[in-house]
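Comments concern the structure below.
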Amino acid sequence: MTLARTVDVVPSLLSADFSRLAAELRRVQDGGAEWVTVDAMDGHFVPNLSFGPDLVRAVKRLSPLRVDAHLMVTNPEAAAPWFVKAGADRVIFHLEACPEPEPLLRALRGQGVEAGVAVKPGTPVDGLLPLLAQSDLALVMTVEPGFGGAAFLSAMLPKISALRRALDAGALPCRLQADGGINLETVEAAASAGADVLVAGHGVFGNPDPAAAIRTLRAKAQAAYSGRAG
Ligand code: DX5
């Protein structure tokens, strides 16, 4: 049975205009966003080098938005405490970089921070299944991670559906996030497959009206998610 859920659309700051960060945050807040994602990339786990914990600190100073720190880094156990200290409300790390994820999940939750685990496109979701009951969020990358604006990989939809089936079978509260290439053309497919958190960078900040983009994305995602069979 699918738990009734309010779908979240979470703008990724990777595509934001950092010359006017405060205004960008206000724009997404006007669109009803409650979270933003900070994509931390170390240039090793993924080809890009992006942000550190100081961006989380700045967002927390500038806005009431909650911050998802998505750690695309080789050493999430070492990096996570920096993001917690900076005020991240949720820290998501990659299974590929953390073969023993339970201690980090426990450590994050023990500090009052939501904990999530992510997989790249080439990683099966099997490794996530035993973690769903001890995680606040599972993330399926729907692009090869590294840069905003990449094309949505529809081949990832069965991974989303498999996780949704497992979450529903266990009536687990863990959220299911799709991240990468989410826009007006792809958001319904991701939500229909069972994602209830949709991360969008270019699909929001690449739009002349990010607030309207968020509202439209959320309306389409909610209808698609709620309209799922079962
Ligand atoms: C990995 C990043 C991006 C970002 C979303 O590359 O995680 O997926 O959040 O960027 P868009 O929505 O532009 O693909």
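With the condition kept exactly as written, say whether any residue in the stretch 35-48 is under 18 Å from Leu139 (Cα atoms) and either more than 15 Å from the chain's Cα centre (by Cα) or open to solvent by 30 Å² or more (accessible area, probe 1.4 Å) (or both). Within the stretch 35-48 (the criterion being under 18 Å from Leu139 (Cα atoms) and either more than 15 Å from the chain's Cα centre (by Cα) or open to solvent by 30 Å² or more (accessible area, probe 1.4 Å) (or both)), the answer is yes, since at least one residue qualifies. Residue check: Asn207 meets all listed conditions (1) within 12 Å of the ligand (Cβ to nearest atom); (2) in a loop (DSSP other than H, G, I, E, B); (3) closer than 14 Å to Val10 by Cβ but one, namely (3). The set of residues from the stretch 55-89 being more than 16 Å from Gly43 (Cα to Cα), within 14 Å of the ligand (Cβ to nearest atom) and out of contact with any helix residue (DSSP H, G or I) (no Cβ under 8 Å at 6 or more places or on another chain) comprises just one member, Asp68.
Taking Ala219, is it surrounded by 20 or more Cβ atoms within 10 Å (Cβ to Cβ), away from the ligand (no atom under 13 Å from the Cβ) and of a type in the set (A, V, I, L, M)? Against the criterion (surrounded by 20 or more Cβ atoms within 10 Å (Cβ to Cβ), away from the ligand (no atom under 13 Å from the Cβ) and of a type in the set (A, V, I, L, M)), Ala219 does not qualify.
Being surrounded by fewer than 24 Cβ atoms within 10 Å (Cβ to Cβ), farther than 23 Å from Ala219 by Cβ, in contact with a Cys (Cβ under 8 Å, 6 or more places away or on another chain) and modelled with pLDDT of 95 or more holds for only one residue in Asp126, Asp136, and it is Asp136.
Scoring Gly149 on the criteria (1) surrounded by 18 or more Cβ atoms within 10 Å (Cβ to Cβ); (2) of a type outside the set (Lys, Arg); (3) outside any strand (DSSP E or B) leaves a single failure, condition (1).
If you go through the stretch 125-158 and keep only what is closer than 17 Å to Leu172 by Cα and of a type outside the set (A, V, I, L, M), you end up with Asp126, Gly127, Pro130, Gln134, Ser135, Asp136.
The values are calculated or read from the model by the stated rules, or taken from the named source; none is laboratory data. If you're wondering where the values come from, they're calculated on a predicted model, not measured in any experiment. Neighbour counts run over all protein chains shown; Cβ positions are idealised from the backbone, glycine included. These area figures cover heavy atoms from the full protein model, side chains too; ligands, DNA and RNA do not enter into them. Shrake-Rupley method; radii C 1.70, N 1.55, O 1.52, S 1.80 Å.
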